[in-house]
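The values are calculated or read from the model by the stated rules, or taken from the named source; none is laboratory data. If you're wondering where the values come from, they're calculated on a predicted model, not measured in any experiment. Positions of Cβ are backbone-derived with ideal geometry, glycine not excepted, and every protein chain shown enters the neighbour counts. When the accessible area is computed, the model is the full protein with side chains, heavy atoms only, and any ligands, DNA or RNA have been set aside. Shrake-Rupley method; radii C 1.70, N 1.55, O 1.52, S 1.80 Å.
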Amino acid sequence: MKKTTHSGYTLGIDIGSTTVKYVVCDHRFTIVAKEYTPHWTKQADTLLNMLQRLSDTSGEIFDAIEKVYITGSGASRIAPMLNARFVQEVNAVVLSVEHLHPDVNAVIELGGQDAKIIHFKEIENGKKSVITSMNDKCASGTGATIEKCTMKVGMVSDEVQKLVFNPDKLHHVAAKCGVFAETDIVNLVKTSVPSDEIMNSLADAIVMQNLTVLTRGNTLMPSVLLLGGPNTYLPFLQECWRVRIAQLWDERGV
């Protein structure tokens, strides 16, 4: 990528377990271009196509990119190809949250195949310590599990995105293991439980699993920031977090 006389841009890339996304920012961190797409296991090819589209449609932006940073589970092997600086994904989240949302005390991120919770705890003179817990050994409670269960329920993406969380009609779903969760979902489908109730039950199981296990005994303190594809694109999952976190705060006197 060559430098021009234009104001320089910075390209940030995230090579996730199921998707590739990028943003191009100016020196004020204003986003001037972005894209988000599944890679279907072809991470490098997908990124190449995305950058080619950026070059074709916004050549003046592409040619003015001066710095490249890359993060995500698949980033380390691609970084040398782009002469990009690799940033570990938890560090990337911490740095961006501290810069953009300094009032946030906890982050919940659900990715395609991992989940992480980050606590920011003030220690002294406004400085904060960071406590991180990450589920990267099993895809339970992540986007991959939600996607598989959505297919088993027979709902399409547009239908799922229109769901409203209702805590009054929930059924048991085991969220500790993705396979167990899928088995419970299939059994609910066989017994003719409505699709919206099944998906709400899955959302509740995922949320409660993360709140009871991934927090590692720590209490999420307000404000809490939701990140990741599932939290971004599934409003009923967002609402489930709001309901259960509020209940947790009531129980613990927060």
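Inside the stretch 138-249, counting only helices (runs of 4 or more DSSP H) that do not spill past its ends, which hold 1 or more residues that are within 22 Å of Lys116 (Cβ to Cβ) and in contact with a Phe, Trp or Tyr (Cβ under 7 Å, 6 or more places away or on another chain)? Working first, answer last.
On the way: elements: 143-153, 157-161, 178-190, 195-209, 229-233.
Those helices (runs of 4 or more DSSP H) span 195-209.
Restricting the first member to the stretch 167-179 and to residues that are under 16 Å from Thr212 (Cβ atoms), and the second to residues that are of a type in the set (Val, Ile, Thr), the beta-carbon pairs closer than 6 Å and six or more apart or on different chains are Ala175/Ile206. Picking from residues in the stretch 109-167 that are at pLDDT below 85, touching a strand residue (DSSP E or B) at 6+ places or on another chain (Cβ under 7 Å) and not hydroxyl-bearing (Ser, Thr, Tyr), the one that is nearest to Asn200 (Cα to Cα) is Gly141. When restricted to residues that are open to solvent by 40 Å² or more (accessible area, probe 1.4 Å), assigned to a helix (DSSP H, G or I) and not hydroxyl-bearing (Ser, Thr, Tyr), the stretch 90-116 contains 5. With respect to the stated conditions, Tyr36 fails to be open to solvent by less than 20 Å² (accessible area, probe 1.4 Å) and out of contact with any helix residue (DSSP H, G or I) (no Cβ under 6 Å at 6 or more places or on another chain). Could you check, for the stretch 77-84, whether at least one of its residues is under 23 Å from Gly228 (Cβ atoms) and exposed (fewer than 13 other Cβ atoms within 10 Å of the Cβ)? Checking the stretch 77-84: at least one residue is under 23 Å from Gly228 (Cβ atoms) and exposed (fewer than 13 other Cβ atoms within 10 Å of the Cβ).
For the stretch 117-137, a residue qualifies if it is among the aromatic types (Phe, Trp, Tyr) and either closer than 30 Å to Lys190 by Cβ or outside any strand (DSSP E or B) (or both), but none of them does. Residues considered: Ile61, Ile118. Of these, the only one that is in contact with a helix residue (DSSP H, G or I) (Cβ under 8 Å, 6 or more places away or on another chain) and free of Cβ contacts under 8 Å to residues at least 40 places away in the same chain is Ile118.
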